[in-house]
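The values are calculated or read from the model by the stated rules, or taken from the named source; none is laboratory data. If you're wondering where the values come from, they're calculated on a predicted model, not measured in any experiment. Here the Cβ positions follow ideal geometry from the backbone for every residue, glycine too, while neighbour counts run over all protein chains shown. With ligands, DNA and RNA removed, areas are computed over all heavy atoms of the protein, side chains included. Shrake-Rupley method; radii C 1.70, N 1.55, O 1.52, S 1.80 Å.
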Amino acid sequence: MAGKLGKKVGSKLGKPPTKKKQKKEPLPPKPLEKEDLFSDSEGTDGDFEEDGGSGDEEQQEMNSDSDMSSDLDDPFAADILASGDADDGSDVHSDSDVDSDSDADDTDLVRKSKAIDDEKKREEEEGDLELQLNIKEEADEFRLPTTEELEEETNRPPDLSNLQRRIKEIVRVLSNFKSLRQEDVTRKDYVDQLKRDLGSYYGYNDFLIESLVELFPPVELIELIEAFEKPRPISLRTNTLKTRRRDLAGVLLNRGVNLDPLSKWSKVGLVVYDSQVPVGATPEYMAGHYMLQSASSFLPVMALAPQENERIVDMAAAPGGKTTYVAALMKNSGIIYANEMKESRLKSLTANLHRMGVTNTIVCNYDGRELPKVLGQNTADRILLDAPCSGTGVISKDESVKTSKTAADIQNCSHLQKELILAAIDMVDANSKSGGYIVYSTCSIMVDENEAVIDYALKKRDVKLVPCGLDFGRPGFVRFRQHRFHTSLDKTRRFYPHVHNMDGFFVAKLKKMSNSKSAAKASAQSEEIEDADTIENSDQQNAEEDDDKHSEQEGIAKESGKLNEKAVADKKRKRDYQKHSDKKGVGQNGGGTKNGRAENKPVAPKRREKKKPPPIEEIAKAREEKRNALREEKRKATLKKKPGNK
């Protein structure tokens, strides 16, 4: 046992020095251990050099001594064993140090590669920043094309990328015109160039682009035109006469139709994202469980709010989406007159009524303007007039509107709509217990087809605007460019594709106050006076100085005094003329002669010769002109009063 232990000690005294010389250099963290090992290794090397060939004998003596010592003293042997274990531990430690050195080298490589990556990333960020600065500088220096450049563009095919970039730049300049404008270039020049570019890029005619530019600011105009380029979502209306929305949605989901409820404002609508089957050819569609109907077509019926057992007229009913919705809300009670002027559309109207299970509807084929003569005046409880229009709100469905509509078309539509709304008002019974309402709607966004028609009806009939019952949508225009409409037109609602994600639409709800048309003139006159008063009050609020306000009020008072004097003079002249005609009639009846001949002319032409007072529109126009003149004088006076002006 002791001999084996001595051999182990001897082997560890002879072999480690070479290892320790090799490991001496790469272990800087522990200098004390290295010095000890280094001194031991030197001593052993010296012994080997001095003894030379007698190393075997000395080795045997050392082994015997170690055996003796181990036999005599076990603790010493334990110390030697401990020292051997320590040497083994130092070997393990040295191996771990080598591993740590390799790990440190790997860490240095990772650190260097990371630094290189960071440097490259920083250079890329600086390059992107510099590129953005260059682009910004180029954008800030945007200039409108010259006449020669525009002529060159007309001689070659349109460059769509260049047009798009120029449209964006012009919109950016117009949004901050004061700081980004080009010197000696007016806003009108930018707007004219924008009109030309929009017409070329999106394919609109000049009239429609100009109308849209007047309606919307530049940024919103681009959003609207882009929305017109995309189709609206497909929507369904559940037929509550046959099913419920929850049941219908479950069945369609099982058929592979991906859908969701339309919105919070509708309890029967569903929006379809995609479908594995044709939505218009499912068994549920054939059975009349739902109707393919745009979301905007829900709105007029919701505003009408029909009640059970009422008498309702739909003046332009085809293809029947709104009529069947009204019947569902009435639960097939009461009577609905579904009128359609075009005979070719009666087939689809009748087919949808049968498919949806509607039993309370009478289909008729008349011109809507003649309906009061057919159905009678003051006979209906509610009227739904979805008037024929130019279709400028549904360009996404019919792109031919971009180039086919002109100012003459808009005026023709407006004239027809005014006649239809007067006929609708005449059919409604103002004394109806539950009704007396007219809902007017169009799929147009033109002011001439919407607010102008309602304002005309307010002047011609004794009606008033009431809230539509729709908690969303933009209010209608009270003022638009040179037009001044009734102040209650803010109760109407406008819907746009870029705001509400539905077709462009207009909805207004009227309440008939009386069945007499004479009261309509008085109400129109009072409304005209109210409008004038509101305009006058707003002008007074916008005045800069109290003296100017006072002078304007005096001018208006003088103006009204002159109008009163003119009215009195007209009345006096009328009375004199009437007395003169009466005397002339007496002379004729009494057999009076002139130049020896009997005057036998009838008295009837007296009515034709009677001079009519000027209409209210002319009086209002004259007042507006005089107010404008007074405002202009006031502005000039204020400019003269300022110290900077001479």
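Scanning the stretch 417-431 for residues that are open to solvent by 50 Å² or more (accessible area, probe 1.4 Å) and either β-branched (Val, Ile, Thr) or not in a loop (DSSP other than H, G, I, E, B) (or both), which turns out farthest from SER444 (Cα to Cα)?
By that ranking, first place goes to GLU419.
Considering the stretch 338-351 alone, what residues qualify as being buried (at least 20 other Cβ atoms within 10 Å of the Cβ) and either closer than 27 Å to ARG245 by Cα or in contact (Cβ under 8 Å) with a residue 60 or more places away in the chain (or both)?
ALA338, LEU349
Please work out if THR379 is of a type in the set (Ser, Thr, Tyr), open to solvent by less than 40 Å² (accessible area, probe 1.4 Å) and over 18 Å from SER297 (Cα atoms).
For THR379, the condition - of a type in the set (Ser, Thr, Tyr), open to solvent by less than 40 Å² (accessible area, probe 1.4 Å) and over 18 Å from SER297 (Cα atoms) - is not met.
Take SER390 and decide whether it is surrounded by 14 or more Cβ atoms within 10 Å (Cβ to Cβ), within 30 Å of GLU229 (Cα to Cα) and touching a Ser or Thr at 6+ places or on another chain (Cβ under 9 Å).
Criteria met by SER390.
For the stretch 441-453, which residues satisfy the criterion of being open to solvent by less than 20 Å² (accessible area, probe 1.4 Å) and in contact with a helix residue (DSSP H, G or I) (Cβ under 6 Å, 6 or more places away or on another chain)?
Correct list: SER441, THR442, MET446, GLU449, GLU451, VAL453.
Would you kindly identify the strands (runs of 3 or more DSSP E) lying entirely within the stretch 196-277 that contain at least 1 residues that are charged (D, E, K, R) and buried (at least 16 other Cβ atoms within 10 Å of the Cβ)?
Qualifying strands (runs of 3 or more DSSP E): 234-238.
Among the residues of the stretch 219-237, is any over 24 Å from ARG474 (Cα atoms) and in contact with a Pro (Cβ under 9 Å, 6 or more places away or on another chain)?
Within the stretch 219-237, not a single residue is over 24 Å from ARG474 (Cα atoms) and in contact with a Pro (Cβ under 9 Å, 6 or more places away or on another chain).
If you take the residues of the stretch 462-498 that are in contact (Cβ under 8 Å) with a residue 24 or more places away in the chain and among the acidic types (Asp, Glu), which of them is farthest from SER444 (Cα to Cα)?
Ranking the qualifying residues of the stretch 462-498, first place goes to ASP462.
Count, please, the residues in the stretch 405-416 that happen to be touching a residue at least 40 places away in the same chain (Cβ under 8 Å) and surrounded by fewer than 17 Cβ atoms within 10 Å (Cβ to Cβ).
So the answer is 2.
Would a scan of the stretch 168-179 turn up a residue that is aromatic (Phe, Trp, Tyr) and either exposed (fewer than 15 other Cβ atoms within 10 Å of the Cβ) or under 24 Å from the mean Cα position of the chain (by Cα) (or both)?
yes
Could you list, in sequence order, all residues of the stretch 484-501 that are under 11 Å from GLY473 (Cβ atoms) and open to solvent by less than 20 Å² (accessible area, probe 1.4 Å)?
The answer is THR492, ARG494, PHE495, TYR496.
Quick check, is MET356 buried (at least 16 other Cβ atoms within 10 Å of the Cβ), more than 23 Å from THR442 (Cα to Cα) and within 37 Å of the chain's Cα centre (by Cα)?
Against the criterion (buried (at least 16 other Cβ atoms within 10 Å of the Cβ), more than 23 Å from THR442 (Cα to Cα) and within 37 Å of the chain's Cα centre (by Cα)), MET356 qualifies.
Scan the stretch 365-408 for residues that are assigned to a loop (DSSP other than H, G, I, E, B), farther than 19 Å from VAL428 by Cα and of a type in the set (D, E, K, R) and jot them down.
LYS397, ASP398, GLU399, LYS405
Return the residues of the stretch 173-188 that are assigned to a helix (DSSP H, G or I) and either touching a Gly at 6+ places or on another chain (Cβ under 7 Å) or more than 10 Å from PHE142 (Cα to Cα) (or both); say none if nothing qualifies.
LEU174, SER175, PHE177, LYS178, SER179, ARG187, LYS188
Conditions first: (1) open to solvent by 30 Å² or more (accessible area, probe 1.4 Å); (2) touching a residue at least 40 places away in the same chain (Cβ under 8 Å); (3) of a type in the set (Asp, Glu). ASP398 passes all but one, so which condition is the exception?
In the conditions (1) open to solvent by 30 Å² or more (accessible area, probe 1.4 Å); (2) touching a residue at least 40 places away in the same chain (Cβ under 8 Å); (3) of a type in the set (Asp, Glu), ASP398 misses (2) alone.
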